[in-house]
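Down below is the structure, laid out as C-alpha cells.
Derivation of every value follows stated rules applied to the coordinates shown; laboratory data play no part. Small disclaimer: the values here were computed from a predicted structure and weren't measured. Cβ placement follows ideal geometry from the backbone for every residue including glycine, while neighbour counts extend to all protein chains displayed.
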Amino acid sequence: MRLARLLCCALAAALFTITGIVLAADPATVLRVAFNAAETGFDPQAGGDAYSNYVNRVIFDPLYGYDYLARPYRIVPNTAVALPEISADGKTWTIHIKRGIYFADDPTFKGARRELTAADYVYSWKRVLDPKMRSISNLVFDGKLVGADTVVAAAKATGKFDYDAPIEGLQAIDRYTIRLKLNYPSYDLLSDLTTAATAAVARDVIDAYGDASGWVMANPVGTGPYRLKEWRRGQKIVLEANPGFREIHFPASSNTADRAIVASMRGKKLPQIGRIEISIIEESNPRLLSFEKGELDFTAVPTDLIRNVLDPGDKLKARFSQQGIEMWRAVQPAITYTYFNMEDAVVGGYSNEKIALRRAISMAYNTDDEIRVIRQGQGEPATQPIPPNVTGYDSKFNGHVRFDPAGAKALLDKFGYIDRNGDGWRELPDGKPLTLTLASPPSATDRQLDELWKKSMDAVGVRVEFVKQKWPDLLKMGRAGQLQMWSLGNISNTTEGFGFLDLLYGPHSGVTNLARFKLAEYDKLYDQARELPDSPERTRLFQRMSQLVTAYAPWKLDAFRYETVLVYPWVLGYKHNVFDQHPWMYLDVDVERRRASGK
C-alpha cells in the first residue's frame, strides 16, 4: 500500500512537471520592475512615449516582431503567417494573418470570442492616419498609401474621418488578408510593422470607450500575452497574463551563447509570469535602492549612480556579483538633445542672428561636464540626429558643437546680444530682455541638468529659467508649441534609423517634430530618402540632413547614452535587447530561488 502511494505521488509529480511546461502562466508568479518616468496611457495608436509602449507591446499584437534570441536582430512573423509578399516594383504588399487569434475578453464583446481579422489592422492603421487622433506614429503611413491623402484631406475639411471610406492602398481583401498599395517603395515599412503603433485594436472597443479624440487610454483590449489589471496613473501599473493567449513557446537557438537561457526556458509556454507589477520611481536613489532590496527583479542602472554599481574599468562591484547578479551593457539606439521651438519669438526663426543665438547657446553649454559628471561617463557626445546601432548612422560624420564659452560670447556680441543696461545680463538685438525658458521634469537628475544649464548660461551672461512639470504634462505642452526649449531623448524600438529624422520633418511639426523645424531643403531630402533602401546613397542624404541640422541648430545635440542593466539570478530567460528593455513575455521567475535569497 505504501509503495502504491509513493508511485501515485511520483506519477503526480511527473505529470505536474510535464504539464507545467504547457500550462498557462502561474498567477502567483510575479515580476517586479520600474519605470523612471510616468506613462501617458495604453492606446497603441495614440501613445508614443517609451514607457506606455513597453506596456502596449505586451497587450497588443503587431504583425511582426524581432526574434528574441537572434543577433543580428531579425524580423519574424508574429500574428502574420509569413513575411509580406512584395511585388517586383516594391509597391504592392500582401500579408496573411493567422487564424484563431482572439482578443482578450471584454464586456464590449457580450460574451462572444472576438477573433482578430485583417479588418482590425486596416481599422487600426486608419486611426494612425486620422487627423483627430494626432498620432505621433503618422510617419509610418503618411504619404505612402494610394488614395489615403484624399480621405485624410476630407477628414481635415469636415473634422471627421470616414473609417468606412475605401482606401485603395489599404484593404482587407478577405477575412485574413491585407493588401497594401504604396505610392513608392517603402523600405522601412517592415520594421514599422513590428511596433506598437501598428498593432491591432478592435473597433468595437474604440467605439465603446473612445474619448473626444478617439483615444482609449484606460481600457486597452488586445490579443497580446497580458492585459491591464490595475492602473494608478504615474504610480503603479499591474498586468496579468491573458488566459486566452494563443500557444507560443520559448524560441530555440543554435547560438552557444544562448545555451543557458534556452536550457532554463526550454519548452515553456509563454508567458510564464502571471503578474507584472510596474512601479513609477522617477528618482534615481529610490529606484536603485529598491533593486538592492530585491523589490525589483531587474533594473537599468541610473547613470548618476553608476559608480555605486561599477568599479573602475566598468566591472561589476563584488557585492552585486557575489549575489549572482548579471550585468548587461550596450550603447542605446537613442539620442538626447535639447530642442529650440523654431516658432518662439526669442530662440526661433531662420535669420542669421537667430541661428547665431542657438549656436552660441550650444557652444556655451558644457556637454562634456554633463557626460563626465552627471552621466558619470556613461555616454559620448552625440554627433548627429541618428544614433549608433540603427541603420543610417554614419560614424564618420561629426556635427557636435564643441564647448567654447569664449567663442559663444564673441558670437553673441557680433550679432547684437549684448548687455545694454549694465545689469550683467544680455538683451536681444532690439533691446528687449533675453530670457531662456527650459522645460524640465522634477527628478534629481533633471535638477542636476538644470544646475549645469544655469552655470553654463550664467558664464556667458544669458538668463535661463525653468518650467518644472511632470513628463506627460511637458509632452502635452511640447506638442502644443508651448515650450521654448526642452531637453529630452528619443529611443528606437526598431533597427531602422529613419524615424529619428522624422523628428525634424516639417509636415510633422507639433506631432513628432516638437521643434517645429520647417526647412524646404531638409523636407525634400527626407522625401527622397524614404524611397530608398538602407544604402550608401541614402546615408549620403542622411548626412546632408545632419549638416542642415548642424547649420540651422534647431537641436543642441547632447549625448549617445550607455545602458547598464542588472538582473537577479532568479529571473530566467533574460537576454538584453537594446530595442526592448522589458521583454516580459519571454521571462520566468524561479520563485524558490528568490525566496531562498531572503529578498
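Brief remarks follow.
- Per residue convex hull volume, Cα atoms of the range 39-223, in Å³: 118
- Per principal axis, descending, Cα span of the range 239-288 in whole Å: 40, 32, 11
- Taking 27 Å as the limit for the C-alpha separation, the pairs LYS354/LYS524; LYS126/LYS236; LYS91/LYS524; LYS126/LYS468; LYS414/LYS454 exceed it in the case of LYS126/LYS236; LYS126/LYS468.
- Rg ratio for the range 334-561: its Cα radius of gyration over 2.2 N^0.38 Å, N being its residue count, equals 0.99.
- Each stretch of four or more DSSP H residues adds -39500 (n - 2.57); spread over every residue of the chain, this sum gives -8500 deg cm²/dmol at 222 nm.
- Average 1/r across all pairs of distinct alpha carbons in the range 403-453, invert it, and you get the Kirkwood radius: 12.8 Å.
- Gain upon complete extension [VAL81, LYS110; 0.36 nm per residue less C-alpha separation]: 7.6 nm
- A full extension of the chain between TYR184 and ILE418 corresponds to an added length of 79.2 nm, given 0.36 nm per residue minus the alpha carbon distance.
- Estimated dipole of the range 132-196 in Debye, rounded to 20 [Cβ of Lys and Arg +1, of Asp and Glu -1, Cα centre]: 160
- Ranking TYR66, THR177, ALA112 by Cα position along the charge dipole of the range 39-223, where only Lys, Arg, Asp and Glu carry charges on their C-beta atoms, puts THR177 farthest toward the positive end.
- The simple spin-label model puts a point 7 Å past each Cα toward its Cβ; for ILE248 and ASP89 those points are separated by 3.6 nm.
- With Cα atoms as the point set, the range 291-354 shows a radius of gyration and Dmax of 20.2, 59 Å.
- For the range 226-273, chymotrypsin sites (Phe, Trp or Tyr not before Pro) meeting the loop criterion (DSSP other than H, G, I, E, B) and having at most 11 other Cβ atoms within 10 Å: none.
- Karplus-derived HN-Hα couplings along the range 41-52 (A = 6.51, B = -1.76, C = 1.60, θ = phi - 60°), whole Hz, x at Gly and Pro: x, 10, 10, x, 7, 8, x, x, 6, 4, 6, 4
- Per the Cα gyration tensor, the range 14-131 maps to an equivalent ellipsoid with semi-axes of 28, 22, 19 Å, ordered largest to smallest.
- Using θ = phi - 60° and Karplus 6.51 cos²θ - 1.76 cosθ + 1.60, couplings along the range 250-259 (whole Hz; Gly, Pro as x): 4, x, 8, 7, 8, 6, 4, 5, 9, 4
- FRET E, pair ALA459, LYS132, Förster distance 56 Å, beta-carbon r, rounded to 0.05: 0.75
- Dividing the convex hull volume of the alpha-carbon atoms in the chain by its residue count gives 175 Å³ per residue.
- Karplus (6.51, -1.76, 1.60) ³J(HN,Hα), θ = phi - 60°, over the range 567-579, in Hz, Gly and Pro reported as x: 10, 5, x, 7, 7, 9, x, 6, 9, 5, 10, 5, 9
- Kirkwood analysis of the Cα pair distances in the range 388-475 returns a hydrodynamic radius of 15.5 Å.
- Cα pair distances of the range 241-364 binned at 5 Å [whole percent]: 2, 7, 11, 10, 12, 13, 13, 9, 7, 6, 7, 4, 0
- Alpha-carbon centroids, the range 520-599 and the range 60-78: separation in whole Å: 15
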